[in-house]
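Handing you a structure now.
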Protein chains: 2
Amino acid sequence: MTTTALRDRPSEAARAAADAADWLAESSPRQRGELLHAVADALDDAAAELIPLADTETALGEARLTGELARTTGQLRLFADVLADGTCLEVTLDAADPAATPPRPDLRRMLVPLGPVAVFAASNFPFAFSVAGGDTASALAAGCPVVLKAHSGHPKLSERTAAIVSAALTHAGAPAGTFSCLAGRGAGRDLVQHPDIRAVGFTGSFDGGRDLFDLTAAREDPIPFYGELGSINPVVVTRRAVAERGPAIAEGLVGSYTLGVGQFCTKPGIVLIPDGAGFEDLVAAALPSAAGGRMLTERIARGFHDGVRDLVVTGTAELLAGSASRVDMTTWRAEPILLAADVADLVQDPDPLLRENFGPACVLVRYRDDDELAAAIDVLPGSLTTAVHAERADIGELAGVVSELRKRSGRLVWNDWPTGVAVTWSQHHGGPWPATTAPHTSVGATAIRRWFRPVCYQDYPDELLPPALRANNPLGLPRRVEGRFVAKSTSDD
Amino acid sequence: MTTTALRDRPSEAARAAADAADWLAESSPRQRGELLHAVADALDDAAAELIPLADTETALGEARLTGELARTTGQLRLFADVLADGTCLEVTLDAADPAATPPRPDLRRMLVPLGPVAVFAASNFPFAFSVAGGDTASALAAGCPVVLKAHSGHPKLSERTAAIVSAALTHAGAPAGTFSCLAGRGAGRDLVQHPDIRAVGFTGSFDGGRDLFDLTAAREDPIPFYGELGSINPVVVTRRAVAERGPAIAEGLVGSYTLGVGQFCTKPGIVLIPDGAGFEDLVAAALPSAAGGRMLTERIARGFHDGVRDLVVTGTAELLAGSASRVDMTTWRAEPILLAADVADLVQDPDPLLRENFGPACVLVRYRDDDELAAAIDVLPGSLTTAVHAERADIGELAGVVSELRKRSGRLVWNDWPTGVAVTWSQHHGGPWPATTAPHTSVGATAIRRWFRPVCYQDYPDELLPPALRANNPLGLPRRVEGRFVAKSTSDD
């Protein structure tokens, strides 16, 4: 454990981050890319240590955790690619025009880092949304020092990962304070109120996220809060799809909603299904193939237990399969459960059925016709994703459904399941409130944009411009010049 | 006056905007460009009516108002150019890769409008930051219906401008509700809390902006608040610059801070000057050349009067020229005033000297050496702009000063004055809090980005994709394909 990895106090960590901020802001995109590669390589090298440690603390299993670590280091390297591409800096040059009315000065714009940021790790992705996850990777890529608030669900893994990240950064030449790690809810609340912290990235529960959001908004100088707070990820299944591929869709649904013991932000929590098509029975029949498992934390197990019990005890949803008390609060083990309701129930009292149940539960909501389907979609809240399972013959009738779903989703999935998030240039992981508090989130290339702000230099001498804006383009960056995009030159720094 | 221009109630206006949102969201960039041109042309055609009306209500003078209307219609046309360019939609395509682990789906991303937005007009730019200003232009360009809250400083002009905007939009084929206008502070507060409003643009006072920001943050579903709240726009003048060009710099400063009776967001409010170089005398000598004038509103006149009085009566600043009560509260007429203080005063009690005094006042703060200059910069808050007046011989010594100024500014100006904002691709009008609440603001091409959110389509059939994402690129948009930027094709819709 290096001294920079874990800090005792938020103020100490924030001050150290502030001390590192100038160096990072003045580093070249290439230098920051090297830092990201160094972190990725160090984590890959430590896989044999980190994966068993993660499994001990999360019970997510070696296969899943191996894939997740690969995704995490791939994500770090993606942001190195984003920096190498260079368009993310948005270099824009407009030459002076003394003949304009009024005369136009020379204006040169680019994005610069916001400064130190706070990142809150999630419990359910101990690598990809934790210490070295997407928020950390994108913030370091932007040139922002990171103070990470570790999740209590995997403390030892967090500490080890933080130590590896810090050591790799130090070895690659970054100053102390570039990355540090804190633990404890109080530390997190202090952190987002610290004057040196300029933005916050958060993935977690609605209540925890809203609390931190409110703290950042109440600051004397409010700062951006990029939070992912919860999502029910509605799915629509058409009557034709059930007729053509019912059993396969039912199996796919069970696989998706029970994956990782249902502990995904993208878990399909509510499925609008045609009434009287027998789809409930197909899903119930597929359910025994799904495994239960130990949940991530006692808090999550308790929340799942109580949420399902409330739905069933109050008669809000029928229990189709599983038991309403299939969470063992001693072992935190949960078994899959299947619930159902009618559109009329949903429309009459939407909130209970639309509450995210983090765990292996899913509510099938039966619609009788297109009007009921539309009425159900109308009450859906914002979500990270929506999915449609349909046949080609349905396409002509679905434009209206897709238009309404888009208003409520960040990602729209066709004949597939929302769990599983490929990290690519076009991917993102936002959605209308409460899915996320801001459009750009921790997954995909544009995640970096959250940590930047623009500056514009007017008539500045070349010697005092940052290299990215100098006349001879020493970093070989792509630029928009006089309104036209000029691709990256072949030179490099 | 068409019925869509002025609405009585915020809820009626917001609902009408929501009704128009689908049409706008599905319109092509080219269609929206035509709407913007129609509005610009209609305003230009009405110049002979609008400019005298604006002068009656604001006393800003025909020359200034003629230029401002041209800037405003130019800005509307700039956003039509931004749409024609098309990169603002950020179309990004990643092909499926079944061989990847896990298999990668087809992912297609673009930006879509947030929905109806509220825009708050400012008093000091009755065209460029009012009814048809940058917020309205960029929001319509993005495809967001606009509910405008008019400023009470120019009610008749607002009503006429709104009627012209509405008529032009209707004539160009936009649905009713695309644009409407409200008046009254209570209406504005209701508006930002209305469930159909998805974002807010604001230019105005710190107190008014903070109040609305807090309302948006306290919503059950918080929405983005893009506010410009106030700025003191610090200027640094070097000793060499005074020695070489003192009188010219002094004249430039007086011209800048008294322009428009000092009622610019970018007015230089505090100037760090070398002690003992005689610069105060040069500024005082130039002051009689500057005219006073009627201020925009009684509230602004009162605020200026009280702000200057407080500085002088408390001994916070010395009065170098002008009188501490040079605001006539009957006519709202204010005369220029020049104040001074030492860095020691500023550092000991920064807040009073750093408060924005909206009006023709400027505080010269004397620094004795580089350490005092650094100490003064250290206490400066975020601003829209900073400016440096220096000689080439200073450049080698200024890197640290510029680095610290950048942390506090959105735009950095060299040997020029911050007033006068060219509207170009690289321009912007943001700055660290309290200058603006978010990095991207109402001036410059990226202003459009505030009104968008990303959506990503996974494996969707071509028929259900928006045209921008279809395989044959019917809109001829520039796209990032497999991570590489592909410039606009020659085809068009």
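The values are calculated or read from the model by the stated rules, or taken from the named source; none is laboratory data. Not measured: the values here are computed from a predicted model. Virtual Cβ from ideal backbone geometry, glycine too; neighbours counted across all protein chains shown. What goes into the accessible areas is simple: the full protein's heavy atoms, side chains included, and nothing from ligands, DNA or RNA. Shrake-Rupley method; radii C 1.70, N 1.55, O 1.52, S 1.80 Å.
Restricting attention to segment A:279-299, which residues are assigned to a loop (DSSP other than H, G, I, E, B) and either hydrophobic (A, V, I, L, M, F, W, C) or open to solvent by 30 Å² or more (accessible area, probe 1.4 Å) (or both)?
Result: A:ALA290, A:ALA291, A:MET295, A:LEU296.
Here's something else I'd like to know. Kindly check whether there is at least one residue in segment A:17-29 that is at negative phi, touching a Pro at 6+ places or on another chain (Cβ under 6 Å) and surrounded by fewer than 17 Cβ atoms within 10 Å (Cβ to Cβ).
The answer is yes; a qualifying residue exists.
Do we find a residue being open to solvent by less than 10 Å² (accessible area, probe 1.4 Å), among the small types (Gly, Ala, Ser) and in the same structural domain as A:CYS265 (by TED's automatic domain parsing) anywhere in segment A:322-332?
No: segment A:322-332 contains no residue that is open to solvent by less than 10 Å² (accessible area, probe 1.4 Å), among the small types (Gly, Ala, Ser) and in the same structural domain as A:CYS265 (by TED's automatic domain parsing).
Also, I was wondering about something else. Out of all the residues in segment A:84-119, which are surrounded by fewer than 24 Cβ atoms within 10 Å (Cβ to Cβ), more than 10 Å from every other protein chain (Cβ to nearest Cβ) and in contact with a Gly (Cβ under 8 Å, 6 or more places away or on another chain)?
Answer for segment A:84-119, where residues must be surrounded by fewer than 24 Cβ atoms within 10 Å (Cβ to Cβ), more than 10 Å from every other protein chain (Cβ to nearest Cβ) and in contact with a Gly (Cβ under 8 Å, 6 or more places away or on another chain): A:ALA84, A:GLY86.
Looking only at segment A:163-176, count every residue that is β-branched (Val, Ile, Thr) and crowded, with 24+ Cβ neighbours inside 10 Å and tell me the total.
Going through segment A:163-176 one residue at a time, the tally reaches 1.
Can you pull out every residue in segment A:430-440 that is touching a residue at least 40 places away in the same chain (Cβ under 8 Å) and at the interface with another protein chain (Cβ under 9 Å from one of its Cβ atoms)?
A:GLY430, A:GLY431, A:PRO432, A:TRP433, A:PRO434, A:THR437, A:ALA438, A:HIS440
For the subset of segment A:210-229 comprising residues that are assigned to a helix (DSSP H, G or I) and more than 11 Å from every other protein chain (Cβ to nearest Cβ), which member is nearest to A:ALA118 (Cα to Cα)?
If we take residues in segment A:210-229 being assigned to a helix (DSSP H, G or I) and more than 11 Å from every other protein chain (Cβ to nearest Cβ), then A:LEU212 is nearest to A:ALA118 (Cα to Cα).
Okay, moving on. Before we move on, is B:ILE395 within 7 Å of chain A (Cβ to nearest Cβ), open to solvent by less than 40 Å² (accessible area, probe 1.4 Å) and part of a helix (DSSP H, G or I)?
When the stated conditions are applied, B:ILE395 passes them.
So which of B:ALA40, B:ALA46, B:ALA80 ends up being away from every other protein chain (no Cβ under 14 Å), of a type in the set (Gly, Ala, Ser) and either under 22 Å from the mean Cα position of the chain (by Cα) or open to solvent by 40 Å² or more (accessible area, probe 1.4 Å) (or both)?
B:ALA40
Give the residue, chosen from B:THR92, B:THR87, B:THR56, that is of a type in the set (Val, Ile, Thr) and within 19 Å of B:THR161 (Cβ to Cβ).
B:THR56
So, of the residues in segment B:447-470 that are facing chain A (nearest Cβ under 7 Å) and out of contact with any strand residue (DSSP E or B) (no Cβ under 6 Å at 6 or more places or on another chain), which turns out to be most open to solvent (accessible area, probe 1.4 Å)?
Restricting to residues being facing chain A (nearest Cβ under 7 Å) and out of contact with any strand residue (DSSP E or B) (no Cβ under 6 Å at 6 or more places or on another chain), the top hit is B:GLU463.
Among the candidates A:VAL443, A:VAL401, A:VAL363, A:VAL455, which residue alone is within 28 Å of the chain's Cα centre (by Cα) and in a loop (DSSP other than H, G, I, E, B)?
A:VAL443
Which condition from (1) open to solvent by 10 Å² or more (accessible area, probe 1.4 Å); (2) under 30 Å from B:ASP190 (Cα atoms); (3) assigned to a helix (DSSP H, G or I) is the one that B:PHE129 breaks?
(3)
Criterion first (touching an Asp or Glu at 6+ places or on another chain (Cβ under 8 Å), surrounded by fewer than 21 Cβ atoms within 10 Å (Cβ to Cβ) and within 30 Å of B:ASP371 (Cβ to Cβ)) does B:ASP310 satisfy it?
For B:ASP310, the condition - touching an Asp or Glu at 6+ places or on another chain (Cβ under 8 Å), surrounded by fewer than 21 Cβ atoms within 10 Å (Cβ to Cβ) and within 30 Å of B:ASP371 (Cβ to Cβ) - is not met.
Still on this structure, please answer the following. Scan (1) touching a residue at least 12 places away in the same chain (Cβ under 8 Å); (2) within 11 Å of another protein chain (Cβ to nearest Cβ); (3) surrounded by 15 or more Cβ atoms within 10 Å (Cβ to Cβ) for the single condition A:SER383 breaks and write down its number.
Checking A:SER383 against (1) touching a residue at least 12 places away in the same chain (Cβ under 8 Å); (2) within 11 Å of another protein chain (Cβ to nearest Cβ); (3) surrounded by 15 or more Cβ atoms within 10 Å (Cβ to Cβ), the one that fails is (2).
Okay, moving on. Has segment A:146-162 got at least one residue that is under 23 Å from A:LEU477 (Cα atoms) and buried (at least 24 other Cβ atoms within 10 Å of the Cβ)?
No, because not a single residue in segment A:146-162 is under 23 Å from A:LEU477 (Cα atoms) and buried (at least 24 other Cβ atoms within 10 Å of the Cβ).
With the requirement that a residue be more than 25 Å from B:PRO439 (Cα to Cα) and open to solvent by 60 Å² or more (accessible area, probe 1.4 Å), what does segment B:177-218 give you?
Once the filter is applied, which keeps residues that are more than 25 Å from B:PRO439 (Cα to Cα) and open to solvent by 60 Å² or more (accessible area, probe 1.4 Å), segment B:177-218 yields B:ALA183, B:ARG185, B:ASP190.
Every residue in segment B:312-360 that is closer than 20 Å to B:ILE377 by Cβ and assigned to a strand (DSSP E or B), please.
B:LEU339, B:ALA340, B:ALA341, B:ASP342
Moving to a separate point now. Report whether or not A:PRO234 is within 14 Å of chain B (Cβ to nearest Cβ), farther than 24 Å from A:GLU159 by Cα and open to solvent by less than 50 Å² (accessible area, probe 1.4 Å).
no
Being open to solvent by 10 Å² or more (accessible area, probe 1.4 Å), facing chain A (nearest Cβ under 8 Å) and either part of a loop (DSSP other than H, G, I, E, B) or of a type in the set (D, E, K, R) (or both) is the filter here, so list the residues in segment B:404-429 that pass it.
Hits for segment B:404-429 are B:ARG406, B:LYS407, B:ASN415, B:ASP416, B:GLY420, B:ALA422, B:TRP425.
Could I ask something else about it? Restricting the first residue to segment B:458-470 and requiring it to be farther than 14 Å from A:ASN415 by Cα, which pairs with a second residue that is surrounded by fewer than 21 Cβ atoms within 10 Å (Cβ to Cβ) and charged (D, E, K, R) meet a Cβ separation below 7 Å and a spacing of at least six or different chains?
Filtered contacts from segment B:458-470: B:ARG470/B:ASP462.
Using the structure shown, decide if B:GLY400 is within 7 Å of another protein chain (Cβ to nearest Cβ), open to solvent by 40 Å² or more (accessible area, probe 1.4 Å) and either out of contact with any Cys (no Cβ under 8 Å at 6 or more places or on another chain) or over 26 Å from A:ALA95 (Cβ atoms) (or both).
No: the conditions fail for B:GLY400.
Sticking with this structure for a sec: For segment B:22-48, give me each residue that is of a type in the set (A, V, I, L, M, F, W, C) and outside any helix (DSSP H, G or I).
B:ALA46
Among the residues in segment B:10-26, are any of a type in the set (S, T, N, Q), under 30 Å from B:THR424 (Cβ atoms) and in contact (Cβ under 8 Å) with a residue 24 or more places away in the chain?
No, that holds for no residue.
One residue is enough: does segment A:95-118 have a residue meeting the conditions of a type in the set (D, E, K, R) and modelled with pLDDT under 95?
Checking segment A:95-118: at least one residue is of a type in the set (D, E, K, R) and modelled with pLDDT under 95.
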